1. Within segment 133-174, which residues are of a type in the set (Asp, Glu) and more than 19 Å from Lys44 (Cβ to Cβ)?
2. From Glu92, Glu111, grab the single residue that is modelled with pLDDT of 80 or more and either over 17 Å from the mean Cα position of the chain (by Cα) or exposed (fewer than 13 other Cβ atoms within 10 Å of the Cβ) (or both).
3. Output the residues belonging to segment 151-177 that are farther than 22 Å from Ile51 by Cβ and outside any strand (DSSP E or B).
4. Which condition breaks for Thr36 when tested against (1) over 30 Å from Ser177 (Cβ atoms); (2) of a type in the set (Val, Ile, Thr); (3) touching a residue at least 60 places away in the same chain (Cβ under 8 Å)?
5. Can you name the residue in segment 129-176 that is surrounded by 21 or more Cβ atoms within 10 Å (Cβ to Cβ) and hydroxyl-bearing (Ser, Thr, Tyr) and, of all such residues, is nearest to Pro115 (Cα to Cα)?
6. In segment 146-173, how many are within 15 Å of Gln65 (Cβ to Cβ), of a type in the set (Gly, Ala, Ser) and touching a residue at least 40 places away in the same chain (Cβ under 8 Å)?
7. Restrict the check to segment 2-12 and report whether at least one residue is touching a Ser or Thr at 6+ places or on another chain (Cβ under 8 Å), outside any helix (DSSP H, G or I) and in contact (Cβ under 8 Å) with a residue 60 or more places away in the chain.
8. If the requirement is being modelled with pLDDT of 95 or more and farther than 26 Å from Ala134 by Cβ, which of these qualifies: Leu26, Leu53, Leu49, Leu19?
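The values are calculated or read from the model by the stated rules, or taken from the named source; none is laboratory data. Computed from a predicted structure; not experimentally measured. Cβ placement follows ideal geometry from the backbone for every residue including glycine, while neighbour counts extend to all protein chains displayed. Quick note on the areas: whole protein, heavy atoms, side chains included, nothing else; ligands and nucleic acids left out. Shrake-Rupley method; radii C 1.70, N 1.55, O 1.52, S 1.80 Å.
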Amino acid sequence: MKGIIFSEFLELVEDKFGLDVCQQMLDENDDEGAYTAVGTYDHKHLVKLIISLSKVTGVSIEDLQQVYGKSVFLTLFQSMPELDGQALNTFEFIKQVESYIHLEVKKLYAEANPPRFKFISSTETEMVMDYISARCFSHVCFGLILGCAEHFNEIINIQMTPVLDDGSQVRFTLTKS
């Protein structure tokens, strides 16, 4: 997992909970918090940080992942200026994630293993898709979708249904309000 994900997570923790909470979370994991944006790190370490943050703050792991996903969307979007104007709404953007963003990530980082999307159905008002990832970050994906909808000034109702018990495949039903 790229370091930008870790750096943005630490920045969010500091902004939302303060430097003391951020430091406590890092200390509990013997982590110095030094991540480079282009470095590659084990996603399991991010999971440990989220679990520690949940214990320190009392906020559920799922809620923390959703807040993180929503907050990091704009940073990730802005890191690829060529995306601006490529989609006019949330559904169009999501449909391009795998064919454009994840493809570019794989070109830059051959070892990258981004999540996959399997599109089940799509109309103007509803999209059904499966999120498939061994990292099981479906709640981060939920937050990313919220951030995307906010970027396009849309209200999207999101329903998540596990397809596999281990969380590696989750079905999202997105409905425009």
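1. Filtering segment 133-174 down to residues of a type in the set (Asp, Glu) leaves 150, 154, 165-166.
Passing the criteria: Glu150, Glu154, Asp165.
2. On the way: Glu111 fails: modelled with pLDDT of 80 or more.
Only one candidate passes the filter, namely Glu92.
3. Scanning segment 151-177 gives His151, Phe152, Asn153, Glu154, Ile155, Val163, Ser177.
4. That leaves (3) as the condition not met.
5. My answer is Tyr131.
6. Summing the residues that are within 15 Å of Gln65 (Cβ to Cβ), of a type in the set (Gly, Ala, Ser) and touching a residue at least 40 places away in the same chain (Cβ under 8 Å) in segment 146-173 gives 1.
7. yes
8. On the way: Leu26 fails: farther than 26 Å from Ala134 by Cβ; Leu53 fails: farther than 26 Å from Ala134 by Cβ; Leu49 fails: farther than 26 Å from Ala134 by Cβ.
Result of the check over Leu26, Leu53, Leu49, Leu19: Leu19.
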